[in-house]
Amino acid sequence: MLLLLVASALPARADEGAIDVSDRPPLAFVLNTPTGAAARTRTSDLIRLIDDVTRASTGLKLETVDESVTKGCRGRLLCVVMRIRTDYDREALREPSGRFRPYYDHLAELRGRNVVYPKLLLFITNITRDGEPDRLSAQLIDTDIALEAYHSALREGEDWEANVEALANEKAVSTPRTEVESSAGAAAFVKALFSEHLRASFVEHKVWEPFGRLDLTAAIPGLELRLDGTSIGVTQPGNVTHVTGVLPGKHELRIDGPDIRPFVATIEVVKGQTLALDTALDVRPTQTTRVAQTMTFVAGAAAIVGGGVVTVLAIATPSGDAGGVCYRGVQASCETGQELLRSSYDSGRFNDQNGGGVLLAPLGYSLVAGGATWMLGTWLYTDGDDVPWIPLVAGVAVGALSYGISAALNPSLYAEPAR
């Protein structure tokens, strides 16, 4: 009994959740169970194991073909190849003279029409008997070699087709029979099948680990990923997004989303290696943060303008440097000087013309310093979705410090008499 099975619909557990961007040609998989007895290894488990290793280690994918396609072949490789390779028709290569064009003309036509076909066929035979271990063996067939032998064979004698069948078996990569009693044994068989027996052939066909991989760290899920201008999916939850099947060489990676500014990077992927890329996404400001940033910037500008006006008026006020008057007793000692103009300044007041108000000039340039800090801090150091708390606090601190130092250095003109 022949069963042609492919697990392309099954998830690739080795890279579950990964984005696969490869354009993989198919690998046909036939499981031949001639005895028909129940196997110790479930067919679905064997398919999953082969599919996992195929995706992880090769540039191929298993292809699903209905079981009825190979019905009646009874394990004959040439028959299976002919049923799978529906693109081949020997009569289509017949010339008007009756001669046949060579097989490579057919391959040239396929390339010209960009036809993808299963060049390789993995043929596994499982000899099953009740109460005994499964006996697994495998063959890897180049279907082009088999079809070329069939196409160019001299159809002389009754054995010509058997001779082509023998040649197909001879050209195939064959493995020794392995006894398998459990799922763990089946996993070991599949691992050894690919890594030891078939690897050299896969390397020769340039399908052994032909791709690189990208592990992309992005804190925001759901962002669109584009590779070389083509959309390949979105960033996954959990920060790290795995992108498999990337051809070696330089590529342009772009990340887009409504809440970020576009991220663009040139990356270089190496065959058989994983490139880890940690993206620094620039978050777009939300409406709330845009308002907060704008208000802080405007408030800074207003403080600069207001502070400048206050400073100019304080300097331009007549008797701007207020004089001091002190009462002198019999034994008093009093020194007079000039104090900075205060907001309660009154030239008609006899004792303390300046009064106890706010120092106007320091207030003005303190507003200018604080406002400049708000503006520059918001412009230069506030990113993306940040509320400008640091510029706000820094501006208040700069203004308060400027005024405090001026107030501390301002002379006190009025001295009480000595007693």
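The values are calculated or read from the model by the stated rules, or taken from the named source; none is laboratory data. This is a predicted model, so every value here is computed, not measured. Glycine gets a Cβ as well: all are built from the backbone with ideal geometry, and neighbour counts include every protein chain shown.
A few notes on this one:
Each row is one residue, and each column tells you yes or no for (1) surrounded by 15 or more Cβ atoms within 10 Å (Cβ to Cβ); (2) aliphatic (A, V, I, L, M); (3) touching a His at 6+ places or on another chain (Cβ under 8 Å); (4) within 30 Å of LEU281 (Cα to Cα).
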residue: GLU148; (1), (2), (3), (4): yes, no, no, no
residue: PRO176; (1), (2), (3), (4): no, no, no, no
residue: TRP208; (1), (2), (3), (4): yes, no, no, no
residue: ASP215; (1), (2), (3), (4): yes, no, yes, yes
residue: LEU223; (1), (2), (3), (4): yes, yes, no, yes
residue: LEU227; (1), (2), (3), (4): yes, yes, yes, yes
residue: PRO237; (1), (2), (3), (4): no, no, no, yes
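- Annotation note: Cβ proximity below 6 Å between a residue of the stretch 91-103 that is in the same structural domain as SER152 (by TED's automatic domain parsing) and a residue that is among the charged types (D, E, K, R) and surrounded by 12 or more Cβ atoms within 10 Å (Cβ to Cβ) (sequence gap 6+ or interchain) occurs for LEU93/ARG101; PHE100/ARG94; TYR103/GLU148.
- Identity of the residue in the stretch 31-64, part of a loop (DSSP other than H, G, I, E, B), of a type outside the set (Gly, Ala, Ser) and buried (at least 21 other Cβ atoms within 10 Å of the Cβ), that ends up nearest to the chain's Cα centre (by Cα): LEU60
- Check on ALA188, surrounded by fewer than 17 Cβ atoms within 10 Å (Cβ to Cβ), within 30 Å of GLY233 (Cβ to Cβ) and not polar (S, T, N, Q): no
Quick grid of which residues meet (1) modelled with pLDDT under 75; (2) assigned to a helix (DSSP H, G or I); (3) under 30 Å from ALA280 (Cα atoms); (4) within 48 Å of the chain's Cα centre (by Cα):
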position	(1), (2), (3), (4)
PRO362	no, yes, no, no
THR373	no, yes, yes, yes
LEU376	no, yes, yes, yes
LEU380	yes, yes, yes, yes
TYR403	no, yes, no, no
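- Check on PRO417, at pLDDT 75 or above and either assigned to a loop (DSSP other than H, G, I, E, B) or more than 21 Å from MET295 (Cα to Cα) (or both): no
- Test result for ARG284, among the basic types (Lys, Arg), surrounded by 13 or more Cβ atoms within 10 Å (Cβ to Cβ) and at pLDDT 90 or above: no
- With respect to the conditions (1) under 30 Å from ALA138 (Cβ atoms); (2) at pLDDT 90 or above; (3) not assigned by TED's automatic domain parsing to the domain that holds THR54, ILE267 falls short on a single one, namely (1).
- Condition check for ASN114: surrounded by 17 or more Cβ atoms within 10 Å (Cβ to Cβ) and either of a type outside the set (A, V, I, L, M, F, W, C) or without any contact (Cβ under 8 Å) to a residue 40 or more places away in the chain (or both): no
- Condition check for PRO210 on (1) part of a loop (DSSP other than H, G, I, E, B); (2) under 30 Å from THR125 (Cβ atoms); (3) without any contact (Cβ under 8 Å) to a residue 60 or more places away in the chain: one failure, at (3).
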